[in-house]
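Everything below concerns the one structure shown next.
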Amino acid sequence: MQRELLTSVEELISVEFFSALEGRAIAEVRVTPFDSVDSVSGSRLLRVEVNGGQGLRYVLKRISPEWDWIMRATDDHQARAVVSWQTGLLDRLPSNVVHGVIACARDGNGWAILMRDVGAALIPSGDDVISVSDNECFLATMAAIHASFWNQPEVVDPALGFCGLRYRYAELSPETGRREAERGRSATIPRLLLEGWGLLETVVDAAVAQVIGHLLEDPQPLCAALLRFPRTVVHGNLKLGNLGLFREERPRVVILDWEVVGPAPPAVDLAWYLAVNSARLPVTKEDAIFFYQRSLAERLGARFDRSWWEPQLELALLGAFLQLSWEKALGAAKGPTEAVRAREWAELAWWSERVRVGAKHL
């Protein structure tokens with residue numbers, strides 16, 4: 001299914017558009033900006049209410065490489081979050097997945113994405129550990145998505161604008177930090193990248209730092225190794241801030257922010273989920289891996305084979321540390337409390353061992 005972009009953001013938020021969308025007369029559309037602690041890319045968020053708030057509520061997300069550092073870091077010139085909607089990719093997600101996207105439009109040199117407001121279903125920000133049942137629901141849904149698109153990497157071909165492995169592993173590199181600093185940009189994460197990467201050699205042993213350093217300079221050996229294994233569609237940023245649940249008899253899982261979706265072996269999504277959400281997971285990483293593995297194997301049946309599962313998992317775990325070791329180094333060295341610092345030192349030890357294991361496959 002190919003969907004058409006509206007011509008402008010003005011058309012997207014017009015009373016005519018919302019009247020047609022809701023099937024009733026809309027006399028007023030009110031748009032107000034808001035901030036979200038989980039929105040770190042620089043994109044601009046606005047709340048949209050119709051008829052004085054009498055009815056459904058919406059969120060308008062405005063994106064452009066001009067102000068979105070993730071788009072710049074991942075070479076996103078076509079707005080893959082929009083391309084995911086245009087190409088019908090979002091329509092092909094498992095039926096229990098809620099993406100919220102209603103329509104998209106050009107917005108000057110950028111794009112605008114209109115979504116239903118699913119804020120009430122999102123996992124609250126903060127440090128609270130999520131429940132075992134929520135964690136299992138997210139892992140099972142991840143496995144369902146991967147099984148749905150199994151061996152169909154062409155659906156998210158980088159030639160169509162989707163995110164290739166090289167840009168995935170370069171997104172949070174020192175080069176991104178340097179480039180954003182040269183642009184005079186003030187987004188929080190790019191400002192922290194150089195500080196975190198500068199600490200890495202002080203918090204991990206020399207062999208681990210050397211592997212990570214070489215891959216930061218050139219991630220191609222990791223990308224080439226991963227490309228030897230079956231691929232699927234990976235969301236790429238399954239942090240809890242992008243996830244939510246409608247807690248119904250059959251729970252529906254909210255998954256937002258499709259701006260780094262692309263082709264990869266399935267464990268690439270799993271490894272990032274473990275790394276970025278580590279402080280809030282209710283089980284060990286080993287238990288989470290086992291649950292996901294079992295869920296994927298049940299869906300793939302005879303297509304699941306440990307001969308490819310184990311090496312792509314080990315490589316993906318190495319890749320996740322390549323993406324986030326800067327943050328874990330910052331936490332270990334400069335965390336706000338002794339408990340946080342101790343937790344991050346334990347993280348560094350666990351992930352360092354994954355680097356040693358994964359490097360054997362390069």
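For the chain, the longest principal axis of the Cα atoms and the long axis of helix 206-217 meet at an angle of about 40 degrees.
Comparing 262, 52, 335 in a Gaussian network model of the chain, where Cα atoms under 10 Å apart are tied by springs, the biggest mean-square fluctuation is seen for 52.
Computed from the C-beta positions of residue 206 and residue 175, the FRET efficiency with R₀ = 22 Å rounds to 0.50.
Work out the FRET efficiency for residue 51 and residue 117 from their Cβ-Cβ distance, taking R0 = 25 Å, and round it to the nearest 0.05. Calculated transfer efficiency: 0.95.
On a 0 to 90° scale, report how tilted helix 267-276 is relative to the longest principal axis of the chain, with both axes built from alpha carbons and the result rounded to the nearest 10. Once rounded, one gets 90 degrees.
Candidates 268, 300, 236 compared by Cα position along the dipole of the chain: farthest toward the positive end lies 300, with charges placed on Cβ.
Along its three principal directions, the equivalent ellipsoid of region 9-119 from the Cα gyration tensor extends over semi-axes of 24, 17, 14 Å, largest first.
Quick one: Debye curve from the alpha-carbon atoms of the chain only, equal weights, vacuum; give me log10 I(q)/I(0) at q = 0.10, 0.14 Å⁻¹ to two decimals. Listed by q, the Debye log ratios stand at -0.63, -1.25.
A DSSP coil position with no more than 16 other Cβ atoms inside 10 Å describes the following GluC sites (Glu not before Pro) in region 209-308: 248, 249. Local charge for residue 3 was computed over the other residues whose Cβ lies under 14 Å away, with Lys and Arg +1 and Asp and Glu -1, and equals 0. Just checking the listed ones, 146, 214, 235: in the Gaussian network model of the chain with Cα springs under 10 Å, the one fluctuating most is 214. Loop-located trypsin sites (Lys or Arg not before Pro) in region 233-342 (DSSP state not H, G, I, E or B) with no more than 11 neighbouring Cβ atoms inside 10 Å: 247. Label positions at residue 129 and residue 188, each projected 7 Å from the Cα along the C-beta direction, are separated by 2.4 nm. Shown here: region 316-362, whose C-alpha atoms stretch 37, 15, 12 Å along the first, second and third principal axes, sorted largest to smallest.
Placing dummy labels 7 Å off each Cα toward the beta-carbon, the span from residue 247 to residue 16 is 4.4 nm.
Bear in mind these aren't lab numbers, they're just calculated from the coordinates by the rules spelled out. Because the structure is a prediction, the values reported are computed rather than measured. Virtual Cβ from ideal backbone geometry, glycine too; neighbours counted across all protein chains shown.
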